[in-house]
Amino acid sequence: MLPCCDLILKNLLMPDGLISDISINDGYVIHSGLSEKSEKVIDCSDYICLPGAVDMHVHMRGGQKQSHKETWESGSKSAVAGGVTTVVDQPNTIPSITNAETFTDRLNEAKKAAFCNFGINGGVQHDSRIDEMYRAGALAFGETFFAESSYGSAVDAQFLKESFLKISKINALATIHAETVLEGVDDSLFNHDILRSQQGEAEAVDLVLKTAPSDLKLHFCHLSSPLSIERIHKRSNTTFEVMPHHLFLSTEMFGEKDGKAKVNPPLRHERTRQQLWEKWNDIDVIASDHAPHTLSEKTSYEFHSVPSGLPGVETMMPLLMAMVIEKKISLNSLIQKTVYNPSRILGIESSGYIKGCKGDFALYPKKTAKIKADLLHSHAGWTPYEGMQGVFPDIVIIGGDIVYDKGEFYRGSGRWIKGKGYIANKSK
Ligand code: DOR
């Protein structure tokens, strides 16, 4: 008998507690309930099966100058092995993405190597051509640096206002890195936290909110403190993300001068980390801010010269799945923040359990394991979560194709996710 779908996920435990089969064909879920027929069937009885996660904040590096930190191949393998089936790449590359030409070069680099779905954002800086990048297929704009960071120079409030107007005119999403940086000696994690303080982040959030036209779709990147979160929900059309490193790491866990833990916005004190968890229900999106730098770059310089950023795309879902298994957060809330909400905010098709959703899934075993850098795939070669508990997927599926199976990668149907402004061959 001829198969009538590409893949069946059998005996899958749905978040509502029912057991169901999911049939996937031509990249999409075509049926949820009793199974169709297929030559390929995976029994999911021993797994927790999640729709593929969307990590809307990664830095895949690559190009001539940064491939030692990460490439599209190593970064997307890292994503897939961590249950992330779609990544959104940030434009602070070398060269940065500011026009149709740099955008298209980046796109071609990704298309050749990516193992997962990907979107690419357009950069917002003084020489940026926003309309041109929108037509070339930029998914969103930013992260715009309202405070300088690794590979990103700060823009001022007037420029931000003008850029926001351009972005709202085309009805695109603006994403923003909001911080305030004080002058001072940046020589320890303690001082890094003071110079880029929680209060400063909250004040930057206020200023950005004041600057944004009311109809702008605005998304705040990596909020690190409850102070900032409390400011956000006053404006409609506004969402924000929180990173695993602000939820799982604090300054107290590292030596005072340990550059490995340097990141912007900084790690906060243990008390703030715990308070951030109390905001779990308010958080729209969890994203990784995967910002790989090699171990040697993170350990060979004086603290003030160490590049900021932590690798994290492969450990985001595993860390959070461990919290699910320990019953500290619900599976539903995790799926909202890592699948449905980022898809809705970006305006892209979502993976999911029902007919019409993208057929991207990750099958997680029901037990935790120790996170070990040796088992991860980023060129960074280290992880700030060494020794912590995680749940890594055994099998990952994109569009009905198995792209990862217990350590082995297969090229499947991972593809470019275009922004809504895309016009073929008309980017100029
Ligand atoms: O710590 C950071 N590193 N924060 C950012 O916003 C940029 C990132 C990077 O690209 O390395």
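The values are calculated or read from the model by the stated rules, or taken from the named source; none is laboratory data. Everything numeric in this text was worked out from a predicted model, so none of it was measured. Positions of Cβ are backbone-derived with ideal geometry, glycine not excepted, and every protein chain shown enters the neighbour counts.
Below is a table of values for the structure above.
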item: Test: Leu218 is in contact with a Lys or Arg (Cβ under 8 Å, 6 or more places away or on another chain) and more than 27 Å from Glu302 (Cβ to Cβ); result: yes
item: Subset of segment 201-231 (residues that are within 24 Å of Gly312 (Cβ to Cβ) and either more than 16 Å from the ligand (Cβ to nearest atom) or of a type in the set (Gly, Ala, Ser) (or both)); result: Ala202, Ala204, Leu218, Ser224, Ser225, Pro226, Leu227, Ser228, Ile229
item: Residue satisfying all of: in segment 203-241; among the hydroxyl-bearing types (Ser, Thr, Tyr) and touching a residue at least 40 places away in the same chain (Cβ under 8 Å); nearest to Asp282 (Cα to Cα) among these; result: Thr239
item: Any hit, segment 232-247, residues being buried (at least 19 other Cβ atoms within 10 Å of the Cβ), more than 16 Å from the ligand (Cβ to nearest atom) and in a loop (DSSP other than H, G, I, E, B); result: no
item: Within segment 80-108, considering residues that are over 18 Å from Gly122 (Cβ atoms) and in contact with a helix residue (DSSP H, G or I) (Cβ under 9 Å, 6 or more places away or on another chain), the one surrounded by the most Cβ atoms within 10 Å (Cβ to Cβ); result: Thr85
item: Residues satisfying the stated conditions in segment 159-197, i.e. polar (S, T, N, Q) and either buried (at least 17 other Cβ atoms within 10 Å of the Cβ) or touching a helix residue (DSSP H, G or I) at 6+ places or on another chain (Cβ under 9 Å) (or both); result: Ser163, Ser168, Thr175, Thr180, Ser188, Asn191, Ser197
item: Unique residue being at pLDDT 95 or above and within 16 Å of the ligand (Cβ to nearest atom) when the list is Ser74, Ser45; result: Ser74
item: Per-region count, segment 278-325, residues of a type outside the set (Asp, Glu), over 22 Å from Asp394 (Cβ atoms) and more than 13 Å from the ligand (Cβ to nearest atom); result: 13
item: Neighbours by Cβ (under 6 Å, 6+ apart or cross-chain): first from segment 58-78, farther than 18 Å from Gly122 by Cβ and touching a residue at least 12 places away in the same chain (Cβ under 8 Å); second part of a helix (DSSP H, G or I) and within 12 Å of the ligand (Cβ to nearest atom); result: none
item: Of residues in segment 131-152 being of a type in the set (D, E, K, R) and either buried (at least 24 other Cβ atoms within 10 Å of the Cβ) or at pLDDT 95 or above (or both), the one nearest to the ligand (Cβ to nearest atom); result: Glu143
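Each row is one residue, and each column tells you yes or no for (1) within 23 Å of Leu320 (Cβ to Cβ); (2) at pLDDT 95 or above; (3) within 16 Å of the ligand (Cβ to nearest atom); (4) among the aromatic types (Phe, Trp, Tyr).
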residue: Glu36; (1), (2), (3), (4): no, no, no, no
residue: Val41; (1), (2), (3), (4): no, yes, no, no
residue: Gly52; (1), (2), (3), (4): yes, yes, no, no
residue: Ala81; (1), (2), (3), (4): yes, yes, no, no
residue: Arg129; (1), (2), (3), (4): no, yes, no, no
